[in-house]
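Take a look at the structure set out below.
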Amino acid sequence: MKFPAIIRLLLTFYKSFFLFSLPITLICALLYWEYGSPILKVLAWFKLLTQGLTWNFIRTYKKKEFYYYRNLGLRDTILWSVTLGLDLSGFILLLILTHQLHP
Amino acid sequence: MTHTLTAKDIRLKFGDRPILSDIHIQCHTGRITGLLGRNGTGKTSLMRIIYGDLPCDSRTVTLDDSRTINLDDSRTQNNIPLPRPYTQPDRIRYMPQFNFVPGSLTPERICRDFNLDIRGLESAFPEFHTLRRQHIRELSTGQRRLINIYIITRSSSQFVMLDEPFTLLSPIQIEKVKAILEEEKQNKGILITDHLHQHIWDVSDEVYTLADGRTRITSPPTPKSRML
């Protein structure tokens, strides 16, 4: 399978939990803006916890859809590692941005 | 060139209850292999074990593919073990008995993902002319099923396994699916199971029956035996 097709599939999978994940990331950024670095550890653990919940929810309620990706050659481990990695990168990037913009 | 998919030495238990114990099944390219059995005999489990996504006590699944074997090599048995076929869609694809396509996708997008021409789907099933940009979740159960069958059967692969393809379809749609299977068996091997036995007999070149954890090659029922 061609690279753009793989990216398209990964984004489709990411979209299945993006609407849950984005508000969490935004709330974390907001809290970081308010309270600063003392709560960084708490925010990181909170984000990881919600990622764990997402993983469990999708694995339970959308497990049928994994056959779609498998039939196209995308293993579950690749789907999860790329999308959760992307999600975490977005979270870190937003916190860095918040840190830099904060007066 | 003919390829053979062999599944044997498969053992599966649910708790203390043995489900599969003496399995030997072969599927050849250019042929349709039927699999029959009552509810709960393990047909779906067997397909999932062949596909590699259901753990079991023991499992041997091999693919005879002499093209990829170096004759100077001592491994000239032509049998390539397939520990995780679900990672090799060019060898095996599997259609489960439920809709597996994400609801947010459209028939057009699905065909693109599977490298298929949407016009092929539309000419086989004209109702999709107006549905090509419709989300899958908005389609009827039968239409979803048709898409599932079409993409798995038509996409390029050496073998496909279809779990209950005829269920949920109308008689006209079933006839169309049978025609597609007949056409596609020229390019691949097809393993198929369904509760609608007559359709399995109609399309299959050989039929296995799964009972008491064992597979046996079965002859078609004669008109006389059907009356009994």
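The table below gives the values:
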item	result
Residue match in region B:83-93 (condition: hydrophobic (A, V, I, L, M, F, W, C), buried (at least 20 other Cβ atoms within 10 Å of the Cβ) and at pLDDT 90 or above)	yes
Among the residues listed as B:G42, B:G15, the single one being closer than 24 Å to A:R59 by Cα, in contact with a Leu (Cβ under 9 Å, 6 or more places away or on another chain) and at pLDDT below 95	B:G42
Candidate set: region B:81-114, residues that are part of a loop (DSSP other than H, G, I, E, B) and among the aromatic types (F, W, Y); chosen: the one farthest from the other protein chains (Cβ to nearest Cβ)	B:F114
For B:I49: the one exception among (1) farther than 19 Å from B:D194 by Cα; (2) surrounded by 22 or more Cβ atoms within 10 Å (Cβ to Cβ)	(1)
Test: B:R216 is over 22 Å from B:Q97 (Cβ atoms) and under 19 Å from the mean Cα position of the chain (by Cα)	yes
Restricting region B:98-150 to residues that are farther than 23 Å from A:K2 by Cα and of a type in the set (F, W, Y), the residue that is surrounded by the fewest Cβ atoms within 10 Å (Cβ to Cβ)	B:F98
Conditions (1) modelled with pLDDT under 90; (2) assigned to a helix (DSSP H, G or I): number failed by B:L71	(2)
Any pair with Cβ under 6 angstrom, 6 or more apart, that starts in region A:70-86 at a residue that is under 14 Å from A:K15 (Cα atoms) and ends at one that is hydrophobic (A, V, I, L, M, F, W, C)	A:L79/A:F13; A:V82/A:L10; A:T83/A:F13
Hits in region B:115-144 (condition: within 13 Å of chain A (Cβ to nearest Cβ) and touching a Pro at 6+ places or on another chain (Cβ under 9 Å))	B:I136, B:R137
Whichever residue in region A:30-47 is among the hydrophobic types (A, V, I, L, M, F, W, C) and in contact (Cβ under 8 Å) with a residue 12 or more places away in the chain and, among such residues, is surrounded by the most Cβ atoms within 10 Å (Cβ to Cβ)	A:L43
Qualifying residue in region A:60-72 (condition: surrounded by 14 or more Cβ atoms within 10 Å (Cβ to Cβ), away from chain B (no Cβ under 11 Å), modelled with pLDDT of 95 or more and at negative phi)	no
Candidates A:I7, A:I27 - the one that is assigned to a helix (DSSP H, G or I), surrounded by 13 or more Cβ atoms within 10 Å (Cβ to Cβ) and without any contact (Cβ under 8 Å) to a residue 12 or more places away in the chain	A:I27
In region B:153-171, residue farthest from B:L191 (Cα to Cα) [restricted to those that are polar (S, T, N, Q) and not in a helix (DSSP H, G or I)]	B:S170
Check on B:I174, more than 24 Å from B:P126 (Cβ to Cβ), touching a residue at least 12 places away in the same chain (Cβ under 8 Å), in a helix (DSSP H, G or I) and not hydroxyl-bearing (S, T, Y)	no
Condition met for B:D202 (among the acidic types (D, E) and touching a Leu at 6+ places or on another chain (Cβ under 7 Å))	no
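The values are calculated or read from the model by the stated rules, or taken from the named source; none is laboratory data. Computed from a prediction, not measured in an experiment: that's the story for all the values here. Positions of Cβ are backbone-derived with ideal geometry, glycine not excepted, and every protein chain shown enters the neighbour counts.
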